[in-house]
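Let me begin by presenting the structure, written as structure tokens, before commenting on it.
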Amino acid sequence: MAELLDLALIGVSHRTAEAATREKLSIPPDNQAEYAQRLLVAPGVRECCVLSTCNRTELLVGGELERELVERLAAEFGARVPDLPGGAVYHHLGIDAILHLFRVSAGLDSQVLGESQILAQIKDAQAKGKESGATAGVLFGLVEHAIAVGKRVRAETKLGEGTLSVASAAIELAGKVIGGFDDCDALIVGAGETGLLVAQHLKDREVRSLTFSNRTMARAEEAAAKFGGTVLALDQLRDRLSDCHLVLACVDVFEPIITKSHLDKARLRRHREPPMFIDLSLPRAIDPALRDRDDLLLHDLDDLESIVARHRASRESEVVQAGRIVVEETHKYLALRTYASFKPVIADLATRFMALRDQVLAEQGVSDPGARKLADQLTKRLLDEALKQLKDGARRTLSEERLERRYRSHSDRS
Amino acid sequence: MTAAVQALQVLLPVVYMALTLLYGMELAGPRAPKWARWRRGTTAFAVLLHLGYGAVLSTELGHLPIAHPWQVVSFLGFSILGLYLLIEPLAKTPATGAFVVLAVFVMQLMASALAPLQLVASPLAQSRFFVVHIVSALLAVAALLLSGFFSGLYLVLLRQLRRRTFGVLYAKLPDLERLSKMNRAAAAVGFLFLTVGLNLGIWWAHEGAVRNFSYLDPKVWPAIVLWLVFGVISVSGFLRFLSGRRAAWIAVVAASLLLLSLGVSLVPRGAFHVFR
């Protein structure tokens, strides 16, 4: 397989460097256009695209590239961190660069396997590159194809299915009882980081009402102001607890603060579906003995962890299938590119065929419209057949098996 | 029996089997093969085919095919599918359909395999009252069985939530609130049809259409009880004392009794009522 030297990818990611290093090597959105322009000055570099997220900063470079130039660009990229650990900055050339980009868009190279945020980030990078004029032609098409690969992987596999965050898992679990949150009155006990995170998830799902209860009332009030909720003192929990459809406890305590004595049996039984109590605290804030009650559902961190673990296992089982899609799409992309390189030849061929047809018809003195139409059809059919052979040829020049071997070796290295 | 009826009797179970497979694929999620997308088309084809089967049989018999027990089973299967398709949008997922279509497939298979070779017209089925009475009653039975089925799923999901077994059903089934709504919707449809069927039947009997009419008939008194039970379930959304779980239990028990009473009174004797 001939090595393409018209494409290279230079970067640093969560796989090769710690957060502090990645932070120093990241390129803020405002500086990306300027960085791209600086790259375009290098000899042979015609296009570039900058992708910078919290987990990776990658430069996709296109043009007439030499290995030495790419190595120099990689060294310059890493030079911003004086004591950079060896191997932190990587570079891939040609097909390896394409395989890497497609793996990234598929979410196979993400810290949270299969996460979909990366697709939006790639789209954003493509748009910024187009705006600055740095990403055009070949590179624009490649990034477009990478986005399509990401979408296909998520549509055809379970790689993006199921949340891997405990806070989202809690909301997903509550959703299995409550369904639409627009009829749900939720109470969040604790206004710390987790409390605010679940509040955000609930707000996103348009929960009907949110109440915050916290030891420090000021923090509860702050959270209530942020999410449009109300506040409740911890010692008044008894008044509201049994009326809420969803109770989430995420608070630091030494012993349970929600016990049987806080619940009103009669009010609990008024709910159509059993109210859901979810304890995200450790040590637990809701008495585990409440699990035995049939008028409510209680779940804790262990339950949520088991949901997350199932999702993770399900995603991991999809890696092979997603990899197959990446290889298939790389093969398709390369065949399309090879075929595209034939375009001038094809245009020339079409012109020659038409000229020859006209010449033969003129020599024979054919003026009958029927015969001319027949000659026209014959020429088109011959041209179509020639193009089909070219397309097949382009596809045959690349072996998918060899590409797969290359992908496997690339994945092992990543 | 004409060749067309025989052909349709063979074709219908085959199509329902294919539809069961296609609905089953919904449980496989994104890994489902591409042909799983033919579900909607196959459903429409199955509905049209069954309607065609009904039309051909009606032409042959000179009345709707609802007089013979196996015609009733086929009609019931078709009604279950039709009502399910009406209620399915409430679920926002076709995952529950696999079980419904499987039941319809089994019913049609039995109806096709056990149908007598000779088609015999029933003089009773020529009566318009009889037709409306039976059709309403069968549509009610189909709706009530669906109500029981959705309630069963509700209880399975609730049990999984309580036992913390987050398996395939947990992932694929609609939420408890939605299953509750589906239960109430099916119960309401059943209640309405049963109101028509029951009242018409009783009025017709009092008009002297039957001899020895009795409210103690094994079809009449259970129908009245079911009518009351499903009437309550259909409005349970407004009743504070009847939670989703209680409504589900009642529907499951009532639907099981309905199925039992249908089996006992329909299959061995081949007639609905004790009276003639």
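The values are calculated or read from the model by the stated rules, or taken from the named source; none is laboratory data. Computed from a predicted structure; not experimentally measured. Don't worry about glycine lacking a Cβ; one is built from the backbone with ideal geometry, like all the others, and counts go over all protein chains shown.
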## Note on the structure
Restricting attention to the range B:165-179, the residues that are over 18 Å from A:Ser314 (Cα atoms) and at the interface with another protein chain (Cβ under 7 Å from one of its Cβ atoms) number exactly 4
### Query
Which one of the conditions (1) surrounded by 14 or more Cβ atoms within 10 Å (Cβ to Cβ); (2) at negative phi; (3) modelled with pLDDT under 90 does B:Ser214 fail to meet, given that it meets all the rest?
(1)
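Which one is farthest from the chain's Cα centre (by Cα), of the residues in the range B:34-59 that are modelled with pLDDT under 85 and not aromatic (Phe, Trp, Tyr)? Quick ask: steps written out before the conclusion?
First, pick out the residues of the range B:34-59 that are modelled with pLDDT under 85: B:34-40.
Next, from what is left, pick out any that are not aromatic (Phe, Trp, Tyr): B:34, B:36-37, B:39-40.
On the way: B:Lys34: 30, B:Ala36: 25, B:Arg37: 25, B:Arg39: 20, B:Arg40: 20 Å.
It comes out as B:Lys34.
Going by what's in this entry, would B:Val14 be described as surrounded by 16 or more Cβ atoms within 10 Å (Cβ to Cβ), within 20 Å of the chain's Cα centre (by Cα) and either at pLDDT below 85 or more than 30 Å from A:Arg315 (Cα to Cα) (or both)? Steps first, answer last, please.
Values: surrounded by 16 or more Cβ atoms within 10 Å (Cβ to Cβ): no; within 20 Å of the chain's Cα centre (by Cα): yes; either at pLDDT below 85 or more than 30 Å from A:Arg315 (Cα to Cα) (or both): yes.
It is false that B:Val14 is surrounded by 16 or more Cβ atoms within 10 Å (Cβ to Cβ), within 20 Å of the chain's Cα centre (by Cα) and either at pLDDT below 85 or more than 30 Å from A:Arg315 (Cα to Cα) (or both).
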### Query
Can you find a residue in the range A:216-223 that is in a helix (DSSP H, G or I), within 14 Å of another protein chain (Cβ to nearest Cβ) and farther than 24 Å from A:Ala309 by Cβ?
no
#### Entry: Residue in the range B:110-119 that is within 19 Å of B:Ser261 (Cβ to Cβ), under 23 Å from the mean Cα position of the chain (by Cα) and surrounded by fewer than 18 Cβ atoms within 10 Å (Cβ to Cβ) present
yes
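I want to confirm something. Restricting to the range A:132-170 and keeping residues that are in a loop (DSSP other than H, G, I, E, B), away from chain B (no Cβ under 14 Å) and among the polar types (S, T, N, Q), which single residue is farthest from A:Leu196 (Cα to Cα)? If you could, list the steps in order and put the result at the bottom.
To start, the set of residues in the range A:132-170 that are in a loop (DSSP other than H, G, I, E, B) comprises A:133-136, A:157-165.
Now drop any that are not away from chain B (no Cβ under 14 Å), which leaves A:133-136, A:164-165.
Cutting the leftovers down to among the polar types (S, T, N, Q) gives us A:135, A:165.
On the way: A:Thr135: 39, A:Ser165: 14 Å.
Filtering first and then ranking leaves A:Thr135.
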### Task
Name the residue, out of B:Ala103, B:Ala140, B:Ala91, B:Ala95, that is under 18 Å from B:Asn183 (Cβ atoms), in the same structural domain as B:Ala205 (by TED's automatic domain parsing) and either surrounded by fewer than 22 Cβ atoms within 10 Å (Cβ to Cβ) or not acidic (Asp, Glu) (or both).
B:Ala140
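Tally up the residues in the range B:230-246 that are more than 9 Å from every other protein chain (Cβ to nearest Cβ) and not in a loop (DSSP other than H, G, I, E, B), please. Lay out the reasoning, then the answer.
Taking the range B:230-246 as the starting set, the residues that turn out to be more than 9 Å from every other protein chain (Cβ to nearest Cβ) are B:230-235, B:238-239, B:246.
Narrowing further to those that are not in a loop (DSSP other than H, G, I, E, B): B:230-234, B:238, B:246.
Looking only at that region, the number is 7.
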### Single residue of the range A:181-198 satisfying the filter (within 29 Å of B:Tyr154 (Cβ to Cβ) and surrounded by fewer than 19 Cβ atoms within 10 Å (Cβ to Cβ)) that is farthest from the other protein chains (Cβ to nearest Cβ)
A:Asp185
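Taking A:Ile178, is it within 14 Å of chain B (Cβ to nearest Cβ), at pLDDT below 90, over 13 Å from the mean Cα position of the chain (by Cα) and crowded, with 18+ Cβ neighbours inside 10 Å? It would help to see each step written out before you state the result.
Details: within 14 Å of chain B (Cβ to nearest Cβ): yes; at pLDDT below 90: yes; over 13 Å from the mean Cα position of the chain (by Cα): yes; crowded, with 18+ Cβ neighbours inside 10 Å: yes.
Yes, satisfied.
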### Cβ-Cβ under 7 Å pairs, at least 6 apart or on other chains, the range A:280-306 side in the same structural domain as A:Leu248 (by TED's automatic domain parsing), far side polar (S, T, N, Q) and assigned to a loop (DSSP other than H, G, I, E, B)
A:Asp287/A:Thr259
